[in-house]
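The values are calculated or read from the model by the stated rules, or taken from the named source; none is laboratory data. Note that the coordinates shown come from a computational prediction; the quantities given were computed from them, not determined experimentally. Neighbour counts are summed over all protein chains in view; Cβ atoms, including those assigned to glycine, are modelled from backbone coordinates with ideal geometry. Surface accessibility is based on the protein's heavy atoms, side chains included, excluding ligands, DNA and RNA. Shrake-Rupley method; radii C 1.70, N 1.55, O 1.52, S 1.80 Å.
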Amino acid sequence: MNKQKILKPTASNVHRAAKIIKRGGVVAFPTETVYGLGADAFNEKAVCRIFEVKKRPSFDPLIVHVASMREAVLLWSSVPDAAKVLMQKFWPGPLSIVLPKSSRVPDVVTSGLETVAVRMPAHPVALELIRKAGCPIAAPSANLFGYTSPTAALSVAEDLGDKIDAVLDGGPSTVGLESTVVKIEGGKIYLLRPGGVSVEAIEKALRLKVKRSVGKTKLESPGQMESHYAPQAPLVLMGEKSDAFIKKLQRLQNAWRKKGGQWPKIACISYSGKKAKGLFCAELVLSPKRDLYQAASRLFQGIRKLDRMRPVLMIASPFPMQNIGLAINDRLQKASAGKRGWKQFMLSFPKALIGNQT
Ligand code: AMP
Ligand code: MG
């Protein structure tokens, strides 16, 4: 990417980026979750460009970013009390709220759905950009569709390069995972995607149980599609029995070494402790002090870093299913190539060596 397009977030550069958006361009900008690829939410042509640049399927709706609650309310046709509580408690912050849309929101933003997801980001540069542009900004993550989301300006440049008009560099995203998406319908609240705000915190604020099932259609929240956030290398989740998984790999490695073969490059992502010596080309421990929020903030950058080493396989240990751990596991699950990834890896060994160890 042309270096001149990576802009330091000075007042004049934010102004310049806002002007690009006003003219119908697309600009990547920092938020506390991940970097977004933004366009004027009211400009259909500009929004279409987001889909083109990202190669995002047109059925995957965008989240609209606002700089105030007042602006959000104008995008919805009605605002139940639960939404007001959530906005007051969690905005600005990593929570997107889905409600029936007002007629001001173009269909292209919502992929034809009658609802729209809105959030107010907690990043000063994002808020300044929205205010200066003078319009809500529709923005998905600033990466090619299906790949790991970017949490730094350089990652945006790597993925989207010259296809976008500019990227504002606001430093690394502090949360590091996308927003939680909830839908409020008929007095009930549904979790459409786990993210930066925990389900526990939402339940506490509303004194209401959040329903985890999505309901009717699979594509109600396309962030729930099976393959998403995936690195180039096949990623395999170790599941609860990670010790047994490691032992299996070690047995394979011993057998392979006896034959004089060169053990393939395998990278490992774990929560707090190293798994095994000599087994991996790289082992990334996301939070030695077992802080799930720190682990979340390092996850996507970590995956990208390991991916650059071109391992034949990436394996990840499971994270505790509490607070933001739910979102970390969700992203790993979707990034995972599952059985296919493991099969592909096993096929790289001679049959005589591995027997029936599939
Ligand atoms: P991204 O912008 O890549 O983080 O993805 C945004 C995600 O938010 C989508 O993939 C959906 O899962 C969800 N989303 C956005 N708008 C809606 C909506 N109107 N109804 C349900 N889910 C939505
Ligand atoms: Mg995305």
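May I ask you to say which residue of VAL79, VAL66, VAL85, VAL73 is modelled with pLDDT of 95 or more, of a type in the set (A, V, I, L, M, F, W, C) and closer than 27 Å to VAL156 by Cα?
On the way: VAL79 fails: closer than 27 Å to VAL156 by Cα; VAL85 fails: closer than 27 Å to VAL156 by Cα; VAL73 fails: closer than 27 Å to VAL156 by Cα.
Just one listed residue meets the conditions, VAL66.
Being within 22 Å of PHE29 (Cα to Cα) and touching a Gly at 6+ places or on another chain (Cβ under 6 Å) narrows it down to one of ALA138, ALA126, ALA122, so name that one. Talk me through it step by step, then tell me what you get.
Values: ALA138 fails: touching a Gly at 6+ places or on another chain (Cβ under 6 Å); ALA126 fails: touching a Gly at 6+ places or on another chain (Cβ under 6 Å).
Just one listed residue meets the conditions, ALA122.
Just name the residue that is modelled with the lowest pLDDT out of those in the range 302-356 that are buried (at least 20 other Cβ atoms within 10 Å of the Cβ) and in a loop (DSSP other than H, G, I, E, B).
Across the range 302-356, the extreme among qualifying residues is ALA337.
With the structure loaded, tell me whether SER58 is of a type in the set (S, T, N, Q), more than 24 Å from SER173 (Cβ to Cβ) and either within 16 Å of ligand 2 (Cβ to nearest atom) or touching a helix residue (DSSP H, G or I) at 6+ places or on another chain (Cβ under 7 Å) (or both) or whether it fails that test. Write out each step before concluding.
Numbers: of a type in the set (S, T, N, Q): yes; more than 24 Å from SER173 (Cβ to Cβ): yes; either within 16 Å of ligand 2 (Cβ to nearest atom) or touching a helix residue (DSSP H, G or I) at 6+ places or on another chain (Cβ under 7 Å) (or both): yes.
The answer is yes for SER58.
Quick test of your reading of the structure: GLY186 fulfils all but one of (1) at pLDDT below 90; (2) farther than 21 Å from HIS65 by Cα. Name the failing condition by number.
(1)
Name the one entry in SER272, SER297 that is touching a Lys or Arg at 6+ places or on another chain (Cβ under 6 Å) and open to solvent by 10 Å² or more (accessible area, probe 1.4 Å).
Working: SER297 fails: touching a Lys or Arg at 6+ places or on another chain (Cβ under 6 Å).
The unique qualifying residue is SER272.
Matching residues to (1) within 16 Å of ligand 1 (Cβ to nearest atom); (2) small (Gly, Ala, Ser); (3) part of a strand (DSSP E or B); (4) open to solvent by less than 10 Å² (accessible area, probe 1.4 Å):
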site: ASN13; (1), (2), (3), (4): no, no, no, no
site: GLY25; (1), (2), (3), (4): no, yes, no, yes
site: ALA28; (1), (2), (3), (4): yes, yes, yes, yes
site: ILE50; (1), (2), (3), (4): yes, no, no, yes
site: PRO61; (1), (2), (3), (4): yes, no, no, no
site: VAL79; (1), (2), (3), (4): yes, no, no, no
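Might you check whether a residue that is charged (D, E, K, R) and in a strand (DSSP E or B) occurs anywhere in the range 152-159?
Among the residues of the range 152-159, not one is charged (D, E, K, R) and in a strand (DSSP E or B), which makes the answer no.
Keeping to the range 81-109, report how many residues are over 26 Å from THR148 (Cβ atoms), part of a loop (DSSP other than H, G, I, E, B) and open to solvent by 10 Å² or more (accessible area, probe 1.4 Å). Working first, answer last.
Initial filter on the range 81-109 (over 26 Å from THR148 (Cβ atoms)): 81-89, 91, 99-107.
Filter again for part of a loop (DSSP other than H, G, I, E, B), leaving 91, 102-106.
From what's left, open to solvent by 10 Å² or more (accessible area, probe 1.4 Å): 91, 102-104, 106.
The total comes to 5.
Matching residues to (1) hydrophobic (A, V, I, L, M, F, W, C); (2) modelled with pLDDT of 95 or more:
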| position | (1), (2) |
| --- | --- |
| ILE130 | yes, yes |
| ALA138 | yes, yes |
| ALA142 | yes, yes |
| TYR147 | no, no |
| ALA157 | yes, no |
| GLY161 | no, no |
| PRO172 | no, yes |
| VAL182 | yes, yes |
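So how many residues does the range 160-169 have that are surrounded by fewer than 24 Cβ atoms within 10 Å (Cβ to Cβ) and either hydroxyl-bearing (Ser, Thr, Tyr) or touching a Pro at 6+ places or on another chain (Cβ under 9 Å) (or both)?
Filtering the range 160-169 for residues surrounded by fewer than 24 Cβ atoms within 10 Å (Cβ to Cβ) gives 160-163, 165-166, 169.
Now restrict to residues that are either hydroxyl-bearing (Ser, Thr, Tyr) or touching a Pro at 6+ places or on another chain (Cβ under 9 Å) (or both): 160, 169.
The qualifying residues number 2.
Which one of these does LEU7 not meet: (1) more than 16 Å from ligand 1 (Cβ to nearest atom); (2) more than 16 Å from SER155 (Cβ to Cβ); (3) of a type outside the set (Ser, Thr, Tyr); (4) surrounded by 19 or more Cβ atoms within 10 Å (Cβ to Cβ)?
(2)
Hey, does the range 73-92 have a residue that's within 16 Å of ligand 2 (Cβ to nearest atom) and under 19 Å from the mean Cα position of the chain (by Cα)?
Pass one, the range 73-92, residues within 16 Å of ligand 2 (Cβ to nearest atom): none.
No, the conditions are met nowhere in the range 73-92.
Can you tell me how many residues within the range 249-294 are in a helix (DSSP H, G or I) and within 17 Å of SER336 (Cβ to Cβ)?
Filtering the range 249-294 down to residues in a helix (DSSP H, G or I) leaves 249-258, 292-294.
After this cut, where a residue has to be within 17 Å of SER336 (Cβ to Cβ) as well, the list is 249.
Adding up the residues that qualify gives 1.
Across the range 148-188, which residue is nearest to THR10 (Cα to Cα) among those that are touching a Leu at 6+ places or on another chain (Cβ under 6 Å) and away from ligand 1 (no atom under 15 Å from the Cβ)?
Step by step, filter the range 148-188, then rank; the result is LEU168.
For LYS334, which of the numbered conditions (1) closer than 28 Å to ILE202 by Cβ; (2) touching a residue at least 24 places away in the same chain (Cβ under 8 Å); (3) out of contact with any His (no Cβ under 8 Å at 6 or more places or on another chain) fails to hold?
Checking LYS334 against (1) closer than 28 Å to ILE202 by Cβ; (2) touching a residue at least 24 places away in the same chain (Cβ under 8 Å); (3) out of contact with any His (no Cβ under 8 Å at 6 or more places or on another chain), the one that fails is (3).
Can you tell me which residue in the range 105-159 is farthest from ligand 2 (Cβ to nearest atom), limited to those that are under 14 Å from LEU37 (Cβ atoms) and among the acidic types (Asp, Glu)?
Looking at residues that are under 14 Å from LEU37 (Cβ atoms) and among the acidic types (Asp, Glu), I get GLU158.
Out of all the residues in the range 176-194, which are part of a loop (DSSP other than H, G, I, E, B) and either out of contact with any Pro (no Cβ under 6 Å at 6 or more places or on another chain) or open to solvent by 30 Å² or more (accessible area, probe 1.4 Å) (or both)? First the steps, then the outcome.
Going residue by residue through the range 176-194, those that are part of a loop (DSSP other than H, G, I, E, B) are 176-179, 186-187, 194.
Answer for the range 176-194, where residues must be part of a loop (DSSP other than H, G, I, E, B) and either out of contact with any Pro (no Cβ under 6 Å at 6 or more places or on another chain) or open to solvent by 30 Å² or more (accessible area, probe 1.4 Å) (or both): GLY176, LEU177, GLU178, GLY186, GLY187, PRO194.
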